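Trainee: Take this structure first; my questions come after.
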Amino acid sequence: MALLQEAPPHWRDDLARASGAAAEVVMTSRNCLAPVRVAIADRNPDLIGASAGGSNMLLVRPPFRAAEVDRVRLATWPERRKLLMARIDVPARQPRAERALVVACTHLSVPATGRGAAEALRAAATATDWAAGAPVVLGGDLNLRPADHGDAFAALAERHRLAPPTAPRSLDHLLARDLAVVDPPHVLPPSARDVPGPGGLAIRLSDHAPVTAAFGL
């Protein structure tokens, strides 16, 4: 599974085909006049940047499957922030032993607003309540560094059993509840977000390095 934030919504089908996955999406901000924004972005991505349109996406590759999806608004101002949640059917080796996992993807308000910690706790409460006892992964660009917001991460762990954060200075996290941490969340090298471009130049897909982790049921 892959959790994406600030993904241009019109990339959904291409991303799903390229990764062999099913895609779930929730629209976030900067989507008014979408055809105009897309036209500008296609011609000069550097000119428009993240203003090409925003969404949170979840890509789920078979044999896993999103059996149920919900979308919750976390904030309206200064930008729309939403939580995308999916109940994932997890195949099992034994007959009639199917299991479920809830994966929640979000992009929280920037630190300057002072709202990130409250939004994180609301997202955690919403996801764990919706999970109804199933294991949970809450991830994305939380815009919170553990070094600066230790109380928020302590509350996420104590109230909702969601841990561990990626690193003291990371903004992006994959927090798990009731899952075995097989490979702790960690940041990939900068080259992981570069792809070959025209003229031998590299295209950097994101201003954040990807975070990856492995969890076991």
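Trainee: How large is the Rg to Rh ratio of the range 140-216 when both quantities use alpha carbon positions and Rh follows Kirkwood?
Mentor: Working: Rg = 14.9 Å, Rh = 13.7 Å.
My calculation of the ratio gives 1.09.
Trainee: Reported to two decimal places, what Rg/Rh ratio describes the chain when computed on Cα atoms with Rh from the Kirkwood expression? Intermediate results must be reported in sequence, preceding the final value.
Mentor: Values: Rg = 17.3 Å, Rh = 18.0 Å.
That ratio is 0.96, to two decimals.
Trainee: How long is the gain from Ala92 to Val182 if the chain were fully straight, where each residue apart is worth 0.36 nm and the alpha carbon distance is subtracted?
Mentor: Details: separation 90, 0.36 × 90 = 32.40 nm, distance 1.81 nm.
Length difference between fully extended and current span is 30.6 nm.
Trainee: Farthest toward the dipole's positive end in the range 94-217, which of Pro190, His160, Ala132, given Cβ charges of +1 (Lys, Arg) and -1 (Asp, Glu) about the Cα centre?
Mentor: Of the candidates, Ala132 comes out farthest on the positive side.
Trainee: Treating only the Cβ of Lys, Arg, Asp and Glu as charged (+1, +1, -1, -1), what charge dipole size does the range 136-191 show about its Cα centre? Round to the nearest 20 debye. Kindly include the intermediate steps, with their values, before the conclusion.
Mentor: Details: 5 positive and 7 negative charges, 12 e Å.
Using only the charged Cβ atoms, the result is roughly 60 debye.
Trainee: What percentage of the solvent-accessible surface of the chain, computed with a 1.4 Å probe over protein heavy atoms, is contributed by carbon and sulfur atoms? Could you put the intermediate results ahead of the total?
Mentor: Details: 6380 of 11530 Å².
Reported share for carbon and sulfur atoms: 55 percent.
Trainee: When the solvent-accessible surface of protein heavy atoms is calculated with a 1.4 angstrom probe, in what order do Ser19, Ser191 fall, highest first?
Mentor: On the way: Ser19 30, Ser191 80 Å².
Solvent-accessible surface, decreasing: Ser191, Ser19.
Trainee: Something else now. Leaving ligands, DNA and RNA out of it, work out the accessible area of Arg71 with a 1.4 Å probe and give it in Å² to the nearest 10.
Mentor: 110 Å²
Trainee: A further question follows. Using helices alone, what [θ] at 222 nm do you get for the chain, with -39,500 (n - 2.57) per DSSP H run of 4 or more residues, divided over all residues and rounded to the nearest 500? If you can, show how the numbers build up before the last one.
Mentor: Numbers: 5 runs with 49 residues, N = 217.
After summing the helix terms and dividing by residue count, I get -6500 deg cm²/dmol.
Trainee: To the nearest 10 square angstrom, what accessible area does Glu158 show with a 1.4 Å probe?
Mentor: Ignoring ligands and nucleic acids, Glu158 comes out at about 150 Å².
Trainee: Rounded to the nearest 20 Debye, what is the dipole magnitude of the chain about its Cα centre when Lys and Arg each give +1 and Asp and Glu each give -1 at the C-beta?
Mentor: On the way: 25 positive and 22 negative charges, 61 e Å.
Around 300 debye, computed over the chain.
Trainee: What dipole magnitude, in Debye to the nearest 20, does the range 85-160 give about its Cα centre under +1 on Lys/Arg Cβ and -1 on Asp/Glu Cβ?
Mentor: Working: 8 positive and 8 negative charges, 55 e Å.
Roughly 260 debye, rounded to the nearest 20.
Trainee: Membrane-span-like helices in the chain: DSSP H runs reaching 20 Å or more (Cα, own axis), mean Kyte hydropathy at least 0.0?
Mentor: Working: long enough: 116-131 (22 Å, 0.25).
TM-like helix candidates: 116-131.
Trainee: Here is a further query. Count the net charge of all other residues whose Cβ sits under 15 Å from the Cβ of Arg159, scoring Lys and Arg as +1 and Asp and Glu as -1.
Mentor: On the way: positive: Arg122, Arg161, Arg177; negative: Glu119, Asp129, Asp151, Glu158, Asp178.
That works out to -2.
Trainee: Leaving ligands, DNA and RNA out of it, rank Leu174, Leu4 by accessible area with a 1.4 Å probe, largest first. Show your work: numbers first, answer last.
Mentor: Values: Leu174 25, Leu4 50 Å².
Result of the area sort, largest leading: Leu4, Leu174.
The values are calculated or read from the model by the stated rules, or taken from the named source; none is laboratory data. Bear in mind the structure is a predicted one, so any value in this text is a computation, not a measurement. Positions of Cβ are generated from backbone atoms using ideal geometry, with glycine treated the same way; all protein chains shown enter the neighbour counts. All accessible areas refer to the heavy atoms of the entire protein, side chains included, with ligands and DNA or RNA removed. Shrake-Rupley method; radii C 1.70, N 1.55, O 1.52, S 1.80 Å.
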